[in-house]
Structures are given as C-alpha cells and as structure tokens.
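One structure is given here, and the rest of the page talks about it.
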Amino acid sequence: MTVFDKQKEVKAYLKPFLQDKKKIGFVPTMGALHEGHLSLMNESLKNNDYTIVSIFVNPTQFNNPDDLKKYPRTLENDVAKIKTLNSQIIIYAPSVEDIYEGETASKSFDYDGLEFQMEGKHRPGHFDGVGTIVKKLFEIVNPTNAYFGEKDFQQLAIVRKLVHKNNMAVNIVGCKIFREENKLAMSSRNERLSADERAKATIIYKTLTEAKKLFGTKTANEVTNWVVKKFKNQSLFELEYFEIADEQTLLTCKRKSKNKNYRAFIAVFVNNIRLIDNISLK
Ligand code: PAF
C-alpha cells in the first residue's frame, strides 16, 4: 500500500506515469470512507491505469468550527478499507501544513453565480474553500479523470466550472448517489447520527420522491410550500432549505420550462448534524 503525506513525494511518484501518458484517476475525499466513496474508486479503477485517493479534512471549506471539530477522522480505518478494495490504490493524506504551505486560507473564486445558490447561501465561504483545495489537489496529482458524487451536486457543478475557467486538463466524472438500505444518502456525517436518527432520516429521501411526484402537477412554489409545511410538524428534523432549481444554472425554478431539467435540493439538520440530498425531477 502506498501512502504519502507529502505533496513533493506524490508529484515525484506520479511523474513517470504522467510522462508515459498513463491515465490517472483521482478521488478526492475527506475520509470517513463509506460505500459511496468506494464506488467512486471502483469507477476510477475501471477507467484508468492508476488510481489515487486523497484523504484530507479541508479546514477552509467549513464555515462552522464545531462541524470541523466533529468531522470524523478515521485515517487508519480508511486506509484498511482502501487496501481491501484494491491495494494498488495510491493514497495521499497530507497535513494542513503540507497542502497549504504556511497560509491556511481560501482564494476567492467566481463560478458565474453558481456559488450564490443553496449551499453557497447557507455556508458562506464554503465554495471558496472547496475551489482552493480542489485546485491545489489537481495541480499536485494532474489527474486525467476526477470522480465526484452527485450527492454534492452543487459542488460537482462548481468543480466543473473551476476546471473550465482555469483551462485545467481534467475530465470531471459525476457519479450517482449511493444510498443506505433506507435510502438515506451515504455521507460521512451519517456516522454521527444515533441509530434512531439514522433510521428516521429516511424522511429526507421520502420527501424528495414525494416532491418529485407532486412536481408533475404542481408549481415549484407549491411543492416547496408543501415540503416546508411537512417539516414544520417534525420535532427531530429542522429544514434548512428545499429548492427546485435548474440543473444547469442552479437558479430557483420560478416557472417551469419544458426545455430545462430541474432538480430538487434539500438540507436538513438532525440534532445539529447537517444532511443534504437531491433528486432529478426528470
Ligand atoms: O466532497 C468532499 O469530500 C470535499 O468537498 C472535497 C471535494 C474532498 C474537497 O475537500
């Protein structure tokens, strides 16, 4: 198992593969790996000569210090999971110092407005932090393909925009949401839920599927009001937002258009643990 914690070592290790024009697949993660992450790695293994996974809890993308403090850090376990999946996978698990080289701060990015919607509204600075770390990681790894889950659909759109605006030669691959048995979207944050909370969190996906059905006959506004009302009666769950938005621009749907694809997005707090999910309304 090859595990690096220094960017210098990663660059030196990958250099001959890049010179030989080998295909490098990259899966950036913040660790606490679950089946969803492993599915991204499997996708990468299928389509590249080498697969590299980064494990790094990026401080600059957390707008809430408590969330950063409580974010699960399980490096040993993560390495063991990757080893079981495929021991050829290369791991880069840097320290903050190694990757930020002295200045743990975000750069500012313009994503043509994608950053002002949903997660951007509720987590100020989050997408600057994501852009900063993803750009740094891409510059270290120089991947041919990079894999991101659709659970963070807005992040996926933002990364695509980042790559386009910076003329980076990496193909961004979006992968389907992986769900637990009760359809809760897989997330490292699920680890922090009690068994009861985890079971009851099925309400998130159920709401999305019911909203999808309703969207067939109702306006986006009517569906949104229905969801808001539904969560008013929930004591365990606090709705942060529900939005029906254009998949391309992420702008809220005011009036349905036949030429657009819409998606419903939701963020919910369960006992201070923030969960997000989304569903295509096609
Ligand atoms: O989706 C994540 O886990 C993170 O936002 C990412 C892409 C690894 C950047 O820190």
_Number of the exception - Leu281 against (1) of a type in the set (A, V, I, L, M, F, W, C); (2) closer than 20 Å to Leu114 by Cα; (3) surrounded by fewer than 17 Cβ atoms within 10 Å (Cβ to Cβ)_ = (3)
*Could you check Ala93 against (1) of a type outside the set (D, E, K, R); (2) without any contact (Cβ under 8 Å) to a residue 60 or more places away in the chain; (3) within 13 Å of the ligand (Cβ to nearest atom) and say which number it fails?*
(2)
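For the range 4-28: of the residues being in contact (Cβ under 8 Å) with a residue 12 or more places away in the chain and out of contact with any Phe, Trp or Tyr (no Cβ under 8 Å at 6 or more places or on another chain), which is farthest from Tyr100 (Cα to Cα)? Working first, answer last.
The first filter runs over the range 4-28 and keeps only residues in contact (Cβ under 8 Å) with a residue 12 or more places away in the chain, leaving 4-7, 10-11, 13-14, 17-18, 22-28.
Still in the running and out of contact with any Phe, Trp or Tyr (no Cβ under 8 Å at 6 or more places or on another chain): 6, 11, 18.
Details: Lys6: 11, Lys11: 16, Leu18: 24 Å.
The selected residue is Leu18.
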*Kindly check whether there is at least one residue in the range 252-261 that is touching a strand residue (DSSP E or B) at 6+ places or on another chain (Cβ under 7 Å) and in a strand (DSSP E or B).*
yes
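Let's see how each residue does on (1) within 15 Å of Leu137 (Cβ to Cβ); (2) surrounded by fewer than 17 Cβ atoms within 10 Å (Cβ to Cβ); (3) at pLDDT 95 or above:
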position	(1), (2), (3)
Thr84	no, yes, yes
Ala93	yes, no, yes
Glu97	no, yes, yes
Asp112	no, yes, yes
Gln117	no, no, yes
_Go through (1) farther than 30 Å from Asp246 by Cα; (2) within 15 Å of the ligand (Cβ to nearest atom) for Thr60 and report which single condition fails._
(1)
*When the range 112-132 is examined, which residues are found to be within 18 Å of His164 (Cβ to Cβ) and within 13 Å of the ligand (Cβ to nearest atom)?*
Phe127, Asp128, Val130, Gly131, Thr132
_Yes/no for Asn142 being closer than 19 Å to Leu45 by Cα, more than 10 Å from the ligand (Cβ to nearest atom) and more than 12 Å from the chain's Cα centre (by Cα)_ = yes
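Any chance you could count how many residues in the range 19-35 are assigned to a strand (DSSP E or B) and either hydrophobic (A, V, I, L, M, F, W, C) or near the ligand (Cβ under 9 Å from one of its atoms) (or both)? I'd like the intermediate steps shown before the answer.
Step one: list which residues in the range 19-35 are assigned to a strand (DSSP E or B), which gives 24-29.
Within this subset, residues satisfying the condition of being either hydrophobic (A, V, I, L, M, F, W, C) or near the ligand (Cβ under 9 Å from one of its atoms) (or both) are 24, 26-29.
Number of matching residues: 5.
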_Considering only the range 210-223, I want to know if a residue exists there that is away from the ligand (no atom under 16 Å from the Cβ), more than 22 Å from the chain's Cα centre (by Cα) and among the aromatic types (Phe, Trp, Tyr)._
yes
*Odd one out for Leu137, checked against (1) of a type in the set (A, V, I, L, M); (2) away from the ligand (no atom under 12 Å from the Cβ); (3) within 21 Å of Lys8 (Cα to Cα)*: (2)
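Tally up the residues in the range 46-56 that are surrounded by fewer than 18 Cβ atoms within 10 Å (Cβ to Cβ) and either in a helix (DSSP H, G or I) or within 14 Å of the ligand (Cβ to nearest atom) (or both), please.
If we filter the range 46-56 for residues that are surrounded by fewer than 18 Cβ atoms within 10 Å (Cβ to Cβ), which is where we start, we get 46-47, 49.
Checking which are either in a helix (DSSP H, G or I) or within 14 Å of the ligand (Cβ to nearest atom) (or both) leaves us with 46-47.
So the answer is 2.
Looking only at the range 129-168, how many residues end up being under 21 Å from Lys21 (Cβ atoms), in contact (Cβ under 8 Å) with a residue 12 or more places away in the chain and assigned to a loop (DSSP other than H, G, I, E, B)?
From the range 129-168, those under 21 Å from Lys21 (Cβ atoms) are 137-147, 163, 167-168; that's our starting set.
Subset that is in contact (Cβ under 8 Å) with a residue 12 or more places away in the chain: 137-138, 140-147, 163, 168.
Among the residues that remain, those that are also assigned to a loop (DSSP other than H, G, I, E, B) are: 142-144, 168.
Counting residues in the range 129-168 that are under 21 Å from Lys21 (Cβ atoms), in contact (Cβ under 8 Å) with a residue 12 or more places away in the chain and assigned to a loop (DSSP other than H, G, I, E, B) gives 4.
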*Kindly indicate the residue of the range 42-63 that is of a type in the set (A, V, I, L, M, F, W, C) and free of Cβ contacts under 8 Å to residues at least 60 places away in the same chain and also nearest to Val173 (Cα to Cα) among those meeting that condition.*
Leu45
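Which is aromatic (Phe, Trp, Tyr) and either touching a residue at least 60 places away in the same chain (Cβ under 8 Å) or outside any strand (DSSP E or B) (or both), of Phe242, Phe269, Phe231?
Details: Phe242 fails: either touching a residue at least 60 places away in the same chain (Cβ under 8 Å) or outside any strand (DSSP E or B) (or both); Phe269 fails: either touching a residue at least 60 places away in the same chain (Cβ under 8 Å) or outside any strand (DSSP E or B) (or both).
When all the criteria are applied, what remains is Phe231.
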*When you go through (1) closer than 24 Å to Glu191 by Cα; (2) within 12 Å of the ligand (Cβ to nearest atom) one by one for Lys81, which number turns out not to apply?*
(2)
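The values are calculated or read from the model by the stated rules, or taken from the named source; none is laboratory data. As the structure is a computational prediction, the values presented were derived from the model and not from experiment. Every residue, glycine as well, gets a Cβ built from its backbone with ideal geometry; the counts of neighbours run over all protein chains shown.
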